[in-house]
Amino acid sequence: MAGDWNDLTRMTGGSRFVVERVRMVETGIAIEGSFELPPLARLPAEDQVFLVAFLRSRGNMREMERIFGISYPTVKNRLHGIVGRLGSEDGGRDVGRDDPLSRLERGEISFDEALEEISGN
């Protein structure tokens, strides 16, 4: 199944696309309409993998350094790049001191609070 997703991502070349039919394998029930993918699903596969690792490490930057063999600033820059690719609802404001990831990094909020703010709940 993951191969299918990677194939679809390669095939679309990062272009936006709309899903028009969804079928649940177990029940065979199909839903037709026009469904835009959620923002996280629109990210390139590499960014999705990076975010999954970030979540599994519970936002531990040192663990991210270890997993990917990259420096702390590189981890931070990758996360900021991903946030930029996700877009923002605030008109493109630069990610700054008050964004959830920065506050999480400084220990001002918990991982769960940051995740809640990022997801908009």
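The values are calculated or read from the model by the stated rules, or taken from the named source; none is laboratory data. Since the structure is predicted, the reported quantities are computational estimates derived from the model, not experimental observations. Don't worry about glycine lacking a Cβ; one is built from the backbone with ideal geometry, like all the others, and counts go over all protein chains shown. Each accessible area value is taken on the protein alone, full model and side chains, heavy atoms only, with ligands, DNA and RNA left out. Shrake-Rupley method; radii C 1.70, N 1.55, O 1.52, S 1.80 Å.
Residues in segment 32-62 that are out of contact with any strand residue (DSSP E or B) (no Cβ under 6 Å at 6 or more places or on another chain) and more than 23 Å from residue 101 (Cβ to Cβ): 33 alone.
All of (1) under 26 Å from residue 100 (Cβ atoms); (2) modelled with pLDDT of 85 or more hold for residue 29 with one exception: (1). Considered as a group, the residues in segment 37-52 that are open to solvent by 70 Å² or more (accessible area, probe 1.4 Å) and of a type in the set (A, V, I, L, M) include one that is modelled with the highest pLDDT, and that residue is 49. What do you reckon, is residue 92 of a type in the set (Gly, Ala, Ser), out of contact with any strand residue (DSSP E or B) (no Cβ under 6 Å at 6 or more places or on another chain) and modelled with pLDDT of 90 or more? No; evaluated as a whole, the condition is false for this residue. Taking first residues from segment 23-36 that are open to solvent by 90 Å² or more (accessible area, probe 1.4 Å) and partners that are of a type in the set (Gly, Ala, Ser), the Cβ contacts under 6 Å between residues at least 6 apart in sequence or on separate chains come to 23/30.
So that you can scan it fast, the table gives a plain yes or no per residue for (1) assigned to a helix (DSSP H, G or I); (2) modelled with pLDDT of 75 or more:
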position: 3; (1), (2): yes, no
position: 11; (1), (2): yes, yes
position: 25; (1), (2): no, yes
position: 54; (1), (2): yes, yes
position: 62; (1), (2): yes, yes
position: 84; (1), (2): yes, yes
